[in-house]
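Taken together, the values in this text are just the output of simple stated rules run on the coordinates, not laboratory data. Nothing here was measured: the structure is a model prediction, and the numbers come from that model. Reconstructed Cβ throughout: ideal geometry from the backbone, glycine too, with neighbour counts over all protein chains shown.
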Amino acid sequence: MIQGDADKDLVYYPDRAFDYAILSQTLQTARAPDKVLGELLRIGERAFVSFPNFAYWRVRWALFWGGRMPVTAALPISWYETENIHQLTIDDFRAFVAERGIAVEQAWFLTGNRRISSAAANLRAEHAVFLLRR
């Protein structure tokens with residue numbers, strides 16, 4: 001395992017250096033998520049990408065009824081303490097990879113510790129994990 005700053009360090013790895021590259025709970029914190037994902041798929045044959053889903057129904061509910069950014073299990077700190085700079089949804093990510101011709105081999109949608117179906121995952125999933133390849 002190698003850990004580093006995805007915004008800066010991925011350019012130093014050679015093409016296809018890894019079978020799998022993992023970007024866990026980081027895409028939404030990257031300064032340039034499109035470049036980070038491109039580099040991830042350059043250095044890995046496949047990539048796992050996970051992120052909190054900002055369209056999860058509890059997040060929507062908290063915004064609608066409370067008018068404030070929610071604190072949830074997947075988003076456990078206040079807006080001013082978070083490193084999140086790009087709030088994305090599952091549907092945003094699906095469109096993002098489709099526009100770039102990136103294949104989704106598999107996707108998992110989670111709420112708490114429970115896996116849920118892909119049906120209405122944008123509304124029902126708190127967290128998403130995608131397995132990608134070029």
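Is it the case that segment 42-59 has a residue that's more than 14 Å from residue 88 (Cβ to Cβ), crowded, with 21+ Cβ neighbours inside 10 Å and touching a Phe, Trp or Tyr at 6+ places or on another chain (Cβ under 9 Å)? The answer is yes, given that some residue of segment 42-59 is more than 14 Å from residue 88 (Cβ to Cβ), crowded, with 21+ Cβ neighbours inside 10 Å and touching a Phe, Trp or Tyr at 6+ places or on another chain (Cβ under 9 Å). Looking only at residues in segment 84-104 that are small (Gly, Ala, Ser) and not in a helix (DSSP H, G or I), the one that is surrounded by the fewest Cβ atoms within 10 Å (Cβ to Cβ) is 101. Figure legend. Inter-residue proximity from segment 1-30: first residues touching a residue at least 24 places away in the same chain (Cβ under 8 Å) and closer than 26 Å to residue 53 by Cα, second residues of a type in the set (D, E, K, R) and crowded, with 16+ Cβ neighbours inside 10 Å, beta-carbon distance below 6 Å, spacing 6+ or different chains. Indicated pairs: 10/39; 20/46; 30/7.
Scan segment 26-41 for residues that are assigned to a loop (DSSP other than H, G, I, E, B) and surrounded by 15 or more Cβ atoms within 10 Å (Cβ to Cβ) and the total you get is 2.
For segment 1-25, the tally of residues that are within 14 Å of residue 131 (Cβ to Cβ), surrounded by fewer than 15 Cβ atoms within 10 Å (Cβ to Cβ) and of a type outside the set (D, E, K, R) stands at 2.
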